[in-house]
Amino acid sequence: MATSTDSFYLGFDFSTQQLKVVAVDGNLSVVHQDSVQFDSELPEFGTQGGVHIHADSLTVTSPVLMWVKALDLILGKMKNAGFDFSRVKALSGSGQQHGSVYWRKGTNQVLRDLHPGKSLHELLKGGFAVSDSPVWMDSSTTEQCQYLETAVGGAQRVADITGSRAYERFTGNQIAKIYKAQPEKYEDTERISLVSSFAASLFLGSYAAIDYSDGSGMNLMDIFSKQWADSCLEATAPHLEERLGALVHSSAVLGLLSPYHVTRYGFPEDCKVVAFTGDNPGSLAGMRLQEGDIAVSLGTSDTVFLWIKEPRPTVEGHIFCNPVDRPSYMALICYKNGSLTRERIRNKCAGGSWEVFSSVLRTTPIGNDGNIGIYFDAMEITPSAVGVHRFDKDNTKVAGFSAQGEIRALVEGQFLAKRVHAEKLGYKIIPGTRVLATGGASSNKDILQVLSDVFDAPVYTIDVANSACLGCGYRALQGLVAESGVSFAETVRKAPEPQLAVTPTPGADKVFAPLLRRYAELEERVLQESKQ
Ligand SMILES: Nc1ncnc2c1ncn2[C@@H]1O[C@H](COP(=O)(O)OP(=O)(O)O)[C@@H](O)[C@H]1O
Ligand SMILES: O=C(CO)[C@@H](O)[C@H](O)COP(=O)(O)O
């Protein structure tokens, strides 16, 4: 009889800058990891940070065929590394949230007939009505957002239904823009997927359903009834429901893996595909977030998210359905100026070296002598403002800081913002609060130290930097047992616990208490000035 260590479960993550995979065995130990960086390993698509920023600086897209080719590449890498696909019992995955894929009419049949002798990239070359998929960094749909809010009865009403007021990057508003600007492409579209359900379709060999959790990031789904919201569909585009398909819960088994992958890579015929979800919901699963914890993801975007039981949508932040516990929800705040802004300041002030950047954080004073910086290189999501704004200890605007002061101002400012916004949504830091950090920058202990000092709470990390992949490996296993009533918590009981990374520096709370108040006031000032 097969032992649990004989079985593997795969979790994929189609994020902004790369495609990653983690394989876990039945004891939830990581047995394989791989990745494909879009910019460096697929240079023919000419992306920077995985995306194309258009001339208006608001439109941001990624070539859909780049994601397809990345899947060919990563599966090829695993095969070359001798990964034993025959032991995979189930797979799942995640995608950057909100991005949309437009399958051309007739492509479902192409997916059903995939020839294992050819790459997916070759087979699906003609499969998309829109070749450049809008992604979460796009902020070009203000007009569509205003239309949706007016049609449905205001920003709060849209939030009451969908969990968020109308946001530019949310999929419905992106679909509305495509319908208006390129009606012939909308007409030629048979199915619209999220990045997550698009990726699931490549494994399933037919269009995969959108799950409740990632579906919550579209401004189209009623997060309480978990159905498409008619008023939002009607305000977005005609005949939309048939293009979106039915929704499923996030641990649903979608079906068997396509025979294409069985023949080409040697997966077993009974390997199951479990619904894919958003990368932040995937991270919630991978970090084994518990009620009371606060998660901070430091990827391309920065996000803060919480597990909640009683959702109260407001016009700030988002409420998504919880990916691992059907009656629960998650609250999320997203920042566009995350890792890419840290990289810009690293290049400008630390000669491009994370080591130098880190040593500055170790040697500069906590609280930065009262200097505060707000760095919105691109139009920020929370709050909706742009530009770099620096203030001295008397709240006077200044033109610049020293290179060292700039690095500390950036990192402190980013974390002050997160705590201010989380508290505004009602989150309280109490004794026992754990901050769980993930994403690329969570490998940097000096950045985590600032996080711990600003939040006045211990910061924990997990071994695998990509918690979304890991979480989807766990969710693949969970999908197999969910129908027999086994909870996610029970499924991951044996998985390693997050490890303590740093604790607050004594006295930091006293330094940051007045800075938190000042940050909130200064951010409001920046927001008011940007509206003038
Ligand atoms: N040592 C480090 N210190 C700070 N940031 C880092 C470090 N190593 C990597 N990063 C950041 O991690 C980012 C990628 O994070 P990741 O979570 O993998 O992104 P995504 O999943 O959005 O593609 C890079 O853009 C880089 O800025
Ligand atoms: O827009 C959001 C969440 O609402 C982003 O967090 C995207 O989901 C992109 O994620 P990363 O690639 O930065 O992890």
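The values are calculated or read from the model by the stated rules, or taken from the named source; none is laboratory data. These numbers were taken from a predicted model, which means no experiment stands behind them. With ideal geometry, Cβ positions are generated from the backbone for all residues, glycine too; neighbour counts draw on all protein chains shown. Just so you know, the surface numbers come from the protein's heavy atoms only, side chains and all, with ligands and any DNA or RNA stripped out. Shrake-Rupley method; radii C 1.70, N 1.55, O 1.52, S 1.80 Å.
Rounded to the nearest 0.05, the FRET efficiency derived from the C-beta distance between LYS424 and LYS125 at R0 = 45 Å is 0.45. Here the Karplus curve 6.51 cos²θ - 1.76 cosθ + 1.60, taken at θ = phi - 60°, turns the phi angles of region 393-399 into couplings of 5, 9, 6, 8, 5, 10, 7 Hz, with x standing for Gly and Pro. The percentage of C-alpha pairs in region 242-300 whose separation is greater than 13 Å is 73%. Solvent exposure of LYS118, expressed as accessible area, is near 100 Å², computed with a probe of 1.4 Å over the protein chains only.
Rolling a 1.4 Å probe over the protein heavy atoms leaves ARG493 with an accessible area of roughly 150 Å².
Per-residue SASA remark: SER384, around 70 Å² accessible (1.4 Å probe; ligands, DNA and RNA not included). In region 410-532 the Cα-Cα distances spread across 5 Å bins starting at 0 as 2, 10, 16, 17, 15, 13, 11, 8, 5, 3, 1, 0 percent of all pairs. Dividing the summed -39500 (n - 2.57) terms of all DSSP H runs of n ≥ 4 by the residue count of the chain sets its mean residue ellipticity at 222 nm at -11000 deg cm²/dmol.
Largest to smallest in accessible area, the residues CYS321, CYS349 fall in the order CYS349, CYS321 (1.4 Å probe, all protein chains included).
In straight Cα distance, which aspartates and glutamates are under 15 Å from LYS418, not counting same-chain residues fewer than 8 positions off? Those aspartates and glutamates meeting the cut-off are ASP293, ASP302, GLU316, GLU380, ASP453, ASP456, GLU521, GLU523, GLU524. With the charge dipole of the chain set up from +1 on Lys and Arg Cβ and -1 on Asp and Glu Cβ about the Cα centre, the Cα lying farthest toward the positive end among the listed residues ALA501, ILE192, SER231 is that of ALA501. Each semi-axis of the equivalent ellipsoid for the chain is √(5λ) with λ an eigenvalue of the Cα gyration tensor; in descending order they amount to 36, 27, 22 Å.
Atom-type composition of the exposed protein surface of region 125-260 places 49 percent of the accessible area on carbon and sulfur (1.4 angstrom probe).
Centre-to-centre separation between the Cα atoms of region 338-384 and those of region 418-433: 22 Å. Looking at the chain, the accessible area is 37 square angstrom per residue; that uses a 1.4 Å probe and ignores ligands, DNA and RNA. Pairs of Cα atoms nearer than 8 Å and 6+ residues apart set the relative contact order; for the chain it is 15 percent.
Close amide H partners of GLY205, meaning residues 5 or more places away or on another chain with modelled amide H under 5 Å apart, are SER258. Measuring how big region 83-192 is from its alpha-carbon positions, Rg and Dmax come out at 17.7, 54 Å. Pairs from the list LYS20/LYS79; LYS69/LYS180; LYS79/LYS272; LYS79/LYS118; LYS20/LYS348; LYS125/LYS336 with a Cα-Cα gap above 22 Å: LYS69/LYS180; LYS20/LYS348; LYS125/LYS336.
Pull up the cross-link candidates among the aspartates and glutamates for LYS226, meaning alpha carbon to alpha carbon under 12 Å and not fewer than 8 places away within one chain. Within the straight-line cut-off, LYS226 pairs with ASP211, ASP214. Phi angles of region 139-150 translate, via the Karplus equation with coefficients 6.51, -1.76, 1.60 and θ = phi - 60°, into HN-Hα couplings of 9, 9, 10, 4, 4, 5, 5, 4, 4, 4, 5, 5 Hz per residue; Gly and Pro are given as x. Here the relative contact order of region 405-532, from alpha carbon pairs under 8 Å that lie six or more residues apart, stands at 31 percent. Once C-alpha pairs closer than 8 Å and six or more residues apart are averaged by separation and normalised to the residue number of region 8-281, the relative contact order reads 22 percent.
TYR260: net charge of surrounding residues, Cβ under 15 Å, Lys/Arg +1, Asp/Glu -1, itself excluded? With Lys, Arg at +1 and Asp, Glu at -1, the net is 0.
Note on region 284-410: Kirkwood hydrodynamic radius from all Cα pairs is 16.6 Å, rounded to one decimal. Distances between placed amide hydrogens fall under 5 Å for PHE376 paired with GLY387, VAL388, HIS389, all partners being 5 or more residues away or on another chain.
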